[in-house]
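Asker: Pasting a structure below so you can have a look.
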Amino acid sequence: MTSKNKKNICILLLIFIAITSYFLWLSNRAVEIIAVHQDYNFSSVLVKNFPLTDKGKINWWLENRDMLEAKFNIPKHAPDGSFTIIFWDFGDGYKEEGKYDRLCFNDMKTDKNCIEKEKYMTIYKFNNEEPFFSFNGSRYLLGESNKIIKMKQDDKS
């Protein structure tokens, strides 16, 4: 093997290590809950450092749902047992409404009460059914022993 080939292999290895380290760092950052806004049985949770993958997001929910209920009283159930929780990217913080299609929270009495609509995860529960998780068109259910099951696109349940 020539020294040029060894040099190229070392450079590629360093790039691989750097990229792997970056993704490990991203996936191991602690999720920061900035705020929770509630409107009846609908909760918006503003977060930073949310997991990158759908599976990581669901696992984070499973590991933290008791804490969310104890600390923030979510989910808030409707009389029929249904609820909706949306986890939003807090991004650059609260902004004025100004820009079209920002999500604004009426429970804040300030001009800066809106965020960009960057949704990480939605959790729905209807009636007494099991909750399901939604991510940009993909939906998942929890099976036995919290096994994550991807729903087919044509599933209505």
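Asker: For the stretch 15-56: of the residues being under 28 Å from Ile149 (Cα atoms) and of a type in the set (Gly, Ala, Ser), which is surrounded by the fewest Cβ atoms within 10 Å (Cβ to Cβ)?
Answerer: This residue is Ala30.
Asker: Look through Ile74, Ile11, Ile58 and report the one residue that is farther than 28 Å from Glu130 by Cα, outside any strand (DSSP E or B) and among the aliphatic types (A, V, I, L, M). Before the answer, list the steps.
Answerer: Details: Ile74 fails: farther than 28 Å from Glu130 by Cα; Ile58 fails: farther than 28 Å from Glu130 by Cα.
Only one candidate passes the filter, namely Ile11.
Asker: Taking the condition more than 18 Å from Asp39 (Cα to Cα) and of a type in the set (Phe, Trp, Tyr), does Tyr124 pass? Steps first, please.
Answerer: Details: more than 18 Å from Asp39 (Cα to Cα): no; of a type in the set (Phe, Trp, Tyr): yes.
It is false that Tyr124 is more than 18 Å from Asp39 (Cα to Cα) and of a type in the set (Phe, Trp, Tyr).
Asker: Another question about this same structure. Can you report the number of residues in the stretch 129-139 which are under 17 Å from Arg65 (Cα atoms) and assigned to a strand (DSSP E or B)?
Answerer: Number satisfying all stated conditions: 3.
Asker: To continue, here is another question. How many of the residues in the stretch 122-152 are among the basic types (Lys, Arg) and surrounded by 15 or more Cβ atoms within 10 Å (Cβ to Cβ)? Show your work before the answer.
Answerer: Of all residues in the stretch 122-152, those among the basic types (Lys, Arg) come to 125, 139, 147, 150, 152.
Subsequent filtering for residues that are surrounded by 15 or more Cβ atoms within 10 Å (Cβ to Cβ) retains 125, 139.
Of the residues in the stretch 122-152, 2 are among the basic types (Lys, Arg) and surrounded by 15 or more Cβ atoms within 10 Å (Cβ to Cβ).
Asker: Does Asp80 fit the bill of being acidic (Asp, Glu) and more than 13 Å from the chain's Cα centre (by Cα)?
Answerer: Details: acidic (Asp, Glu): yes; more than 13 Å from the chain's Cα centre (by Cα): yes.
For Asp80, the condition - acidic (Asp, Glu) and more than 13 Å from the chain's Cα centre (by Cα) - is met.
Asker: Now, a different point. Among (1) without any contact (Cβ under 8 Å) to a residue 40 or more places away in the chain; (2) farther than 20 Å from Leu46 by Cβ; (3) not basic (Lys, Arg), which single condition is Asp111 missing?
Answerer: Among (1) without any contact (Cβ under 8 Å) to a residue 40 or more places away in the chain; (2) farther than 20 Å from Leu46 by Cβ; (3) not basic (Lys, Arg), the lone unmet condition for Asp111 is (2).
Asker: Show the residue pairs meeting these rules: Cβ distance below 8 Å; 6+ apart or different chains; first residue within the stretch 62-81 and within 19 Å of Tyr40 (Cβ to Cβ); second residue exposed (fewer than 12 other Cβ atoms within 10 Å of the Cβ) and among the aromatic types (Phe, Trp, Tyr).
Answerer: Matching pairs, first to second residue: Lys76/Tyr40; Ala78/Tyr40.
Asker: Quick check on Asp101: is it of a type in the set (D, E, K, R), touching a strand residue (DSSP E or B) at 6+ places or on another chain (Cβ under 9 Å), in a loop (DSSP other than H, G, I, E, B) and surrounded by fewer than 16 Cβ atoms within 10 Å (Cβ to Cβ)?
Answerer: Details: of a type in the set (D, E, K, R): yes; touching a strand residue (DSSP E or B) at 6+ places or on another chain (Cβ under 9 Å): no; in a loop (DSSP other than H, G, I, E, B): yes; surrounded by fewer than 16 Cβ atoms within 10 Å (Cβ to Cβ): yes.
No: the conditions fail for Asp101.
Asker: Now a separate question. Answer yes or no as to whether Ile74 is at pLDDT below 95, in contact with a strand residue (DSSP E or B) (Cβ under 7 Å, 6 or more places away or on another chain) and closer than 26 Å to Leu142 by Cα.
Answerer: yes
Asker: Taking the condition among the aromatic types (Phe, Trp, Tyr) and either buried (at least 17 other Cβ atoms within 10 Å of the Cβ) or not assigned by TED's automatic domain parsing to the domain that holds Val47 (or both), does Phe87 pass? Steps first, please.
Answerer: Values: among the aromatic types (Phe, Trp, Tyr): yes; either buried (at least 17 other Cβ atoms within 10 Å of the Cβ) or not assigned by TED's automatic domain parsing to the domain that holds Val47 (or both): yes.
Yes, satisfied.
The values are calculated or read from the model by the stated rules, or taken from the named source; none is laboratory data. Given the structure is predicted, the values throughout are model-derived calculations rather than measurements. FYI the Cβ positions are ideal-geometry reconstructions off the backbone, even for glycines, and counts take in every protein chain you see.
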